[in-house]
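Asker: Quick one: this structure, given as structure tokens, is what I'll be asking you about.
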Number of protein chains: 2
Amino acid sequence: MRLKELASHLGLSQTTVSRALNGYPEVNAETRQRVLDAARRYDYRPNASARRLATGRAGAIGIVLPTDRNMLLDPHYVEFQAGLGERLMKDEIDIVLSPSRSGDEMATYRRMAVSSRVDAVILSSPAVDDPRVALLTELGLPFVVHGRTGSPLDYAWLDIDNEGAFRHAAKHLLDLGHRRIGLINGETRHNFALDRDRGFRAALAAHGVEVDERLVAEGVMSDETGYRITARFLAERPRPTALLVSSMMMSLGALRAIRAAGLELGRDISMIAHDDVIPFLNPDAMVPTLSTTRSSIRAAGTRVAELLMELVAGDRAPASIHELWPVDLVIRASTGPAPRN
Amino acid sequence: MRLKELASHLGLSQTTVSRALNGYPEVNAETRQRVLDAARRYDYRPNASARRLATGRAGAIGIVLPTDRNMLLDPHYVEFQAGLGERLMKDEIDIVLSPSRSGDEMATYRRMAVSSRVDAVILSSPAVDDPRVALLTELGLPFVVHGRTGSPLDYAWLDIDNEGAFRHAAKHLLDLGHRRIGLINGETRHNFALDRDRGFRAALAAHGVEVDERLVAEGVMSDETGYRITARFLAERPRPTALLVSSMMMSLGALRAIRAAGLELGRDISMIAHDDVIPFLNPDAMVPTLSTTRSSIRAAGTRVAELLMELVAGDRAPASIHELWPVDLVIRASTGPAPRN
DNA sequence: CGGCGTATTCAAAGCGCTTTCAACCGGTCG
DNA sequence: CGACCGGTTGAAAGCGCTTTGAATACGCCG
């Protein structure tokens, strides 16, 4: 069913039908109802391409999907996607994934922009100094960054307070008497990891505790990395009495290493991990339950979608969009007073 | 830069320029070169919507993204997506994620089809009896199913041999002398889980071993489920001496439960898990290394993309596309002879 | 009663491509 | 020498929608 046919069925012009369907005010109420009814009856759907061509809007937002780097290829990413989807669904906006070999990403963004496949894009996990920001700005393609770069920050972004989260978490451990605290971080070329590192150091400094660099490590946020780094930390003497871990996935590995070392979590050693609130990694379901710094990445996705739409509609200036979300510190059973000896 | 401008810059008609760019044969070689050069110089990109409208092809394939059910929201899904992307990238085909509340999925497929946003769609993790197959067939929207439904199988599908995988794995355990084998499965409303169940039972039956239904369980494939089911199994007497697990994620939980019970994997109890080959869940990196049934879900994604394109091009009939991939059984350190007592 | 504002509808002109269909230009063939 | 042909190019007609500009009808005012 095409607009043309629908119109002739109704004995109306395409113009009127189009207006009726798109909610323009200059249509007689009765006529509009007739049109709406007919549209439903015939299951009429405007052709997406035609509409896009006519309006100049793509009705889609873009994500560049790096296929060979596994940075984004983790559970966080899907959860974020789901969040985006939740919001975009309401306006029937699609998400366009543009696959791209890493290194080729810039070209992919350019392609998206120039061929106007999307109205805006999302930039995730920015590096400390990320060239994509400049590119997108130059291309004039609206975008929201999930996270932040180092500086300057004259673009639209939404980030969680990674610095504060890890500062508070570290402080909590310090208050419990811990002095040997290990940091198992994500890769510090990403800004969020750097922020966590800062927060960690700031807390120790505030307590007059010196950072032992042998207890600071980073890597891909996997179970494996968590295991390896923890095993290494536990071999140090004096052994750390607490760990700050950058992801739940890593904490699973860490937990294995702790058990393998014959230690008991929450008594011999404490642990706080960052939790993006992923359905199949539930800190309450762990044994013992895991203390976390918590911020729903899904909620962030939803909000980013919202911001994106405001941006596209021209309701907001990019530079006016800066959201820094506070992070909850949720104390559960994996943290306890520092063991004395 | 638009086609029109490019053409006038070159002193040619749009027709010729379009043909030159799209590789039609009736263009003079020299002219084509000029056009190609100019296109590059001006960084010309055809407008996606216009091209789509003109050709009737959307240049995109669709995936319905269920936002509230977490079925697909797991690492497997992303890995599969990456595989798809790897192939689609070559032809600059986009992936369109259409978010949809579950229950509303059918409507979303219908919308995708009727508004011709995509040329084809992928149907993942089909239920044993999945209404989506009939819908898509009726809509005439080309699709490839990743997995299979119960029957009939008169559509395009690619699946791994889940039945064979678990049959072999169970047989291996039986050959090692295990008689009390537990099955920790995904939800059997999905066909893959049902197939695994069948394979498991077939192997036991072939060995004349009776299935103890208290050692058969299913659930969402998460760490938590793995932990809980394993803990329950280990409380049975006589205790199982081996476990067959449906995902690596579950196996992490299972491993925790095993350790918590004071057992040693590979000696007191054996385990084989299914591995979709996910970068951050590496069975070789586990301690002890984990025996698996292995099949790369990413490779499957790539192949599905390939099939999809053949389908769209009309090169293949849907019913001619049936691929059943064999699954490797990789024995590592988590499997050993059944303990005697 | 003529003029005018308002409400409603429509014809037609795009949007930027692809793709007929026609035209043109040597050159070849009978 | 004219018909014909392969090679090459172009004008124009869509693709299915939105939107501008104009037309029509009606009611109200002076």
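Asker: I need the full set of residues from the stretch A:224-239 which are open to solvent by less than 70 Å² (accessible area, probe 1.4 Å) and within 31 Å of the chain's Cα centre (by Cα), in order please. Outline the logic, then answer.
Answerer: Taking the stretch A:224-239 as the starting set, the residues that turn out to be open to solvent by less than 70 Å² (accessible area, probe 1.4 Å) are A:224-227, A:229-231, A:233-234, A:236.
Answer for the stretch A:224-239, where residues must be open to solvent by less than 70 Å² (accessible area, probe 1.4 Å) and within 31 Å of the chain's Cα centre (by Cα): A:Glu224, A:Thr225, A:Gly226, A:Tyr227, A:Ile229, A:Thr230, A:Ala231, A:Phe233.
Asker: Okay, next question. Scan the stretch A:131-151 and give yes if some residue there is closer than 26 Å to B:Arg101 by Cβ, facing chain B (nearest Cβ under 9 Å) and open to solvent by 10 Å² or more (accessible area, probe 1.4 Å), otherwise no.
Answerer: Here is the first cut: in the stretch A:131-151, the residues closer than 26 Å to B:Arg101 by Cβ are A:144, A:146.
Next cut, facing chain B (nearest Cβ under 9 Å) only: none.
So far as the stretch A:131-151 goes, no, none of its residues is closer than 26 Å to B:Arg101 by Cβ, facing chain B (nearest Cβ under 9 Å) and open to solvent by 10 Å² or more (accessible area, probe 1.4 Å).
Asker: Would a scan of the stretch A:238-254 turn up a residue that is touching a Ser or Thr at 6+ places or on another chain (Cβ under 7 Å), within 13 Å of another protein chain (Cβ to nearest Cβ) and free of Cβ contacts under 8 Å to residues at least 40 places away in the same chain?
Answerer: Yes - at least one qualifying residue is present in the stretch A:238-254.
Asker: Then there is this: Under 6 Å by Cβ, and 6 or more places apart or on different chains, what pairs join a residue from the stretch A:290-313 that is polar (S, T, N, Q) with one that is open to solvent by 10 Å² or more (accessible area, probe 1.4 Å) and at pLDDT below 95?
Answerer: A:Ser296/A:Val277; A:Thr302/A:Glu86; A:Thr302/A:Arg87
Asker: Another one. Which one is nearest to the other protein chains (Cβ to nearest Cβ) among residues in the stretch B:14-68 that are at positive phi and more than 11 Å from DNA strand D (Cβ to nearest atom)?
Answerer: Of the residues in the stretch B:14-68, the ones at positive phi are B:23, B:43, B:56, B:59.
Retained after the next criterion (residues that are more than 11 Å from DNA strand D (Cβ to nearest atom)): B:23, B:43, B:59.
Numbers: B:Gly23: 18, B:Asp43: 7, B:Gly59: 9 Å.
My answer is B:Asp43.
Asker: Shifting gears a bit: Look at A:Arg87 and say whether it is open to solvent by 10 Å² or more (accessible area, probe 1.4 Å), free of Cβ contacts under 8 Å to residues at least 60 places away in the same chain and not assigned by TED's automatic domain parsing to the domain that holds A:Val220. Please lay out each step first, then the result.
Answerer: Numbers: open to solvent by 10 Å² or more (accessible area, probe 1.4 Å): yes; free of Cβ contacts under 8 Å to residues at least 60 places away in the same chain: no; not assigned by TED's automatic domain parsing to the domain that holds A:Val220: yes.
Answer is no for this residue.
Asker: Just checking, which of B:Ala38, B:Ala20, B:Ala58 is touching a residue at least 60 places away in the same chain (Cβ under 8 Å), open to solvent by less than 40 Å² (accessible area, probe 1.4 Å) and within 16 Å of DNA strand C (Cβ to nearest atom)?
Answerer: Working: B:Ala38 fails: touching a residue at least 60 places away in the same chain (Cβ under 8 Å); B:Ala20 fails: touching a residue at least 60 places away in the same chain (Cβ under 8 Å).
Matching residue, one of B:Ala38, B:Ala20, B:Ala58: B:Ala58.
Asker: Also, I was wondering about something else. Going through the stretch B:190-210 one residue at a time, which ones are in contact (Cβ under 8 Å) with a residue 12 or more places away in the chain, surrounded by fewer than 18 Cβ atoms within 10 Å (Cβ to Cβ) and over 21 Å from B:Arg232 (Cβ atoms)? Before you say what the answer is, go through the steps one by one.
Answerer: Narrowing the stretch B:190-210 to residues in contact (Cβ under 8 Å) with a residue 12 or more places away in the chain: B:190-200, B:202-204, B:206-207, B:209.
From what is left, the residues that are surrounded by fewer than 18 Cβ atoms within 10 Å (Cβ to Cβ) are B:198, B:202, B:206-207, B:209.
Those that are in contact (Cβ under 8 Å) with a residue 12 or more places away in the chain, surrounded by fewer than 18 Cβ atoms within 10 Å (Cβ to Cβ) and over 21 Å from B:Arg232 (Cβ atoms): B:Arg198, B:Ala202, B:Ala206, B:His207.
Asker: Out of all the residues in the stretch B:288-317, which are open to solvent by 30 Å² or more (accessible area, probe 1.4 Å) and in contact with an Asp or Glu (Cβ under 6 Å, 6 or more places away or on another chain)?
Answerer: Matches in the stretch B:288-317: B:Arg294, B:Arg298, B:Thr302, B:Val312, B:Arg316.
Asker: Right, A:Gly262: at pLDDT below 95, small (Gly, Ala, Ser) and out of contact with any Phe, Trp or Tyr (no Cβ under 7 Å at 6 or more places or on another chain) or not? Before you say what the answer is, go through the steps one by one.
Answerer: On the way: at pLDDT below 95: yes; small (Gly, Ala, Ser): yes; out of contact with any Phe, Trp or Tyr (no Cβ under 7 Å at 6 or more places or on another chain): yes.
Answer is yes for this residue.
Asker: I want to confirm something. Restricting to the stretch A:26-35 and keeping residues that are over 29 Å from B:Arg52 (Cα atoms) and more than 8 Å from DNA strand C (Cβ to nearest atom), which single residue is surrounded by the fewest Cβ atoms within 10 Å (Cβ to Cβ)?
Answerer: Of the residues in the stretch A:26-35, the ones over 29 Å from B:Arg52 (Cα atoms) are A:26-34.
Keeping just the survivors that are more than 8 Å from DNA strand C (Cβ to nearest atom) gives A:33-34.
Working: A:Gln33: 12, A:Arg34: 16.
The residue in question is A:Gln33.
Asker: Next question. Go through the stretch B:318-340 and give me each residue that's part of a loop (DSSP other than H, G, I, E, B) and open to solvent by 60 Å² or more (accessible area, probe 1.4 Å).
Answerer: So in the stretch B:318-340, the residues part of a loop (DSSP other than H, G, I, E, B) come out as B:321, B:326-327, B:331-340.
Within the stretch B:318-340, B:Pro326, B:Ile331, B:Pro337, B:Arg340 qualify.
Asker: Can B:Ala7 be described as open to solvent by less than 70 Å² (accessible area, probe 1.4 Å), within 13 Å of DNA strand C (Cβ to nearest atom) and more than 23 Å from the chain's Cα centre (by Cα)? Quick ask: steps written out before the conclusion?
Answerer: Details: open to solvent by less than 70 Å² (accessible area, probe 1.4 Å): yes; within 13 Å of DNA strand C (Cβ to nearest atom): yes; more than 23 Å from the chain's Cα centre (by Cα): yes.
Here the answer is yes, as B:Ala7 does meet what is asked.
The values are calculated or read from the model by the stated rules, or taken from the named source; none is laboratory data. What you see is a predicted model, and the numbers here were worked out from it, not measured in a lab. A quick note on method: Cβ atoms are made from the backbone with ideal geometry, for glycine too, and the neighbour counts reach across all protein chains shown. Ligands, DNA and RNA are stripped out before the accessible areas are found, and what is left, the full protein with its side chains, is counted by its heavy atoms. Shrake-Rupley method; radii C 1.70, N 1.55, O 1.52, S 1.80 Å.
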